[in-house]
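Heads up: the structure comes next, in structure tokens.
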Amino acid sequence: MKVVLRDEVPSLGRRGDVCDVADGYAQNFLIPRGLAIRATRGSERQAAAMRRRREIADAAVLSEAREMADRLAGASIRVVARAGAAGRLYGSVNAVNLSAAIAEQVRVVLAPEMLELPEPIKEVGTYTVAVRPHPEVATGVTVEVVAAT
């Protein structure tokens, strides 16, 4: 059965896509949950309009992500944390702390998931952290962790 997706369905497609699925899957899962409608000539025109709106929204999100990356490129973020005499932090600096510091210092709001920090920073020093505000956009910021006096 051909259906037009009204919402994103993992491993099947995105809003506005016309998909060929099993009858039972369409009738028992997709259509009752409002995730899809049966494909007709009218609904296929509606699907084309959905795809156009989706492409415009995706382009706007990508443009915003590129703007964020441009503002972050080459930025240096200073994080002050309590540390011992050997430079080891009492605790750590994680993605949540970094996103708050970036918002405060550079005025760019990032979700912690956008920062590619494999493990929390536990020592004083300078680090390069990858930032990925969109799957197609990446940049890096320099993070300087200093001991609080």
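Listed values, structure above:
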| read-out | value |
| --- | --- |
| Lone unmet requirement of (1) part of a strand (DSSP E or B); (2) without any contact (Cβ under 8 Å) to a residue 40 or more places away in the chain; (3) of a type in the set (G, A, S) for A138 | (2) |
| Qualifying residue in the stretch 58-81 (condition: surrounded by 12 or more Cβ atoms within 10 Å (Cβ to Cβ) and over 24 Å from the mean Cα position of the chain (by Cα)) | yes |
| Residue within the stretch 79-92 that is of a type in the set (D, E, K, R) and more than 19 Å from A147 (Cα to Cα) present | no |
| Condition check for V106: of a type outside the set (G, A, S), free of Cβ contacts under 8 Å to residues at least 24 places away in the same chain, open to solvent by 20 Å² or more (accessible area, probe 1.4 Å) and over 16 Å from A138 (Cα atoms) | no |
| Members of the stretch 99-135 found to be more than 19 Å from the chain's Cα centre (by Cα) and part of a strand (DSSP E or B), listed by number | I121, K122, E123, G125, T126, Y127, T128 |
| Residue under evaluation M50, criteria (1) surrounded by 15 or more Cβ atoms within 10 Å (Cβ to Cβ); (2) aliphatic (A, V, I, L, M); (3) assigned to a helix (DSSP H, G or I); (4) under 16 Å from the mean Cα position of the chain (by Cα), criterion not met | (4) |
| From S43, S92, residue being of a type in the set (S, T, N, Q) and either assigned to a strand (DSSP E or B) or under 23 Å from E136 (Cα atoms) (or both) | S92 |
| Residues satisfying the stated conditions in the stretch 109-139, i.e. out of contact with any Leu (no Cβ under 6 Å at 6 or more places or on another chain) and open to solvent by less than 30 Å² (accessible area, probe 1.4 Å) | L110, I121, G125, P133, V137 |
| Scan of the stretch 1-33 for residues that are open to solvent by less than 60 Å² (accessible area, probe 1.4 Å), within 28 Å of P135 (Cα to Cα) and not β-branched (V, I, T), ordered by number | L5, L12, G13, G16, D17, C19, L30 |
| Meets criteria (within 30 Å of L115 (Cβ to Cβ) and touching a Lys or Arg at 6+ places or on another chain (Cβ under 6 Å)) for R54 | yes |
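To keep it simple, each residue is scored yes or no on (1) in contact (Cβ under 8 Å) with a residue 24 or more places away in the chain; (2) among the small types (G, A, S).
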| position | (1), (2) |
| --- | --- |
| R45 | no, no |
| E55 | no, no |
| A60 | no, yes |
| S76 | yes, yes |
| R88 | yes, no |
| S92 | yes, yes |
| P112 | no, no |
| T126 | no, no |
| A148 | yes, yes |
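The values are calculated or read from the model by the stated rules, or taken from the named source; none is laboratory data. Just so you know, these numbers come straight off a predicted model, no measurement behind them. Reconstructed Cβ throughout: ideal geometry from the backbone, glycine too, with neighbour counts over all protein chains shown. Only protein heavy atoms, including side chains, enter the accessible area calculation; ligands, DNA and RNA are left aside. Shrake-Rupley method; radii C 1.70, N 1.55, O 1.52, S 1.80 Å.
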